[in-house]
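The values are calculated or read from the model by the stated rules, or taken from the named source; none is laboratory data. Everything numeric here is computed off the predicted structure, so don't read it as measured data. Neighbour counts are summed over all protein chains in view; Cβ atoms, including those assigned to glycine, are modelled from backbone coordinates with ideal geometry.
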Amino acid sequence: MSANEISLRPAQETDAWVLSAIHIAAIKALPATFYTQKELLAWRNYRDKPDGSNILKIMKVETCKVAIKGDVVIGFASFIVDELIGLYVHPKYQGKGIGRALVQHFCDEATEKGIDKVITTASLYAEGFYLQLGFTAIQKAPHYLRNGIVVPVTKMSKTLATTPK
């Protein structure tokens, strides 16, 4: 499968449960290399089973796009104007260009709005991924999870090529 075999569309309320499932699965698939099991558990909101209610709250504030293969949602990205807030791809589909396509879509939308620089907060797992996509590390920073758990992350930015209007 390649990124050419997927389509992107706005998330719908009916996607909330599957987006929660993807979020949980993606975090569960991570080894306890950069973060402890306790931190990974907090990152997935102490859930082993999907709960779409949290995602529904996010969808009311953020723009959320889903990646679809056939009729199956396999990943999603959420963002607000110039900031990529979340990017998750189901582990079964990782490494196939899905995340790259979602990030490119986010950057394209920002460029269309006249934005020349975007930002994201990358987990230590995702830092290399974003570097490959042209992002630059700005600084390490604390990220506050539930129950007061603090994990290190990397603030990153990318300058976008703007076309004169």
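General remarks:
- Here E83, E62 are screened, and the one residue that is closer than 24 Å to P142 by Cβ, modelled with pLDDT of 90 or more and among the acidic types (D, E) is E83.
- Taken together, the residues in region 129-155 that are in a helix (DSSP H, G or I), at pLDDT 95 or above and either within 15 Å of G86 (Cα to Cα) or small (G, A, S) (or both) amount to 2.
- Members of region 24-54 that are of a type outside the set (A, V, I, L, M, F, W, C) and farther than 19 Å from P152 by Cα: R47, D48, K49, P50, D51, G52, S53, N54
- Candidate set from region 118-136 (those that are within 16 Å of T159 (Cβ to Cβ) and in contact with a helix residue (DSSP H, G or I) (Cβ under 6 Å, 6 or more places away or on another chain)); member that is surrounded by the most Cβ atoms within 10 Å (Cβ to Cβ): V118
- Helices (runs of 4 or more DSSP H) wholly inside region 1-117 containing at least 1 residues that are surrounded by fewer than 16 Cβ atoms within 10 Å (Cβ to Cβ), basic (K, R) and more than 13 Å from the chain's Cα centre (by Cα): 16-28, 37-43, 52-61
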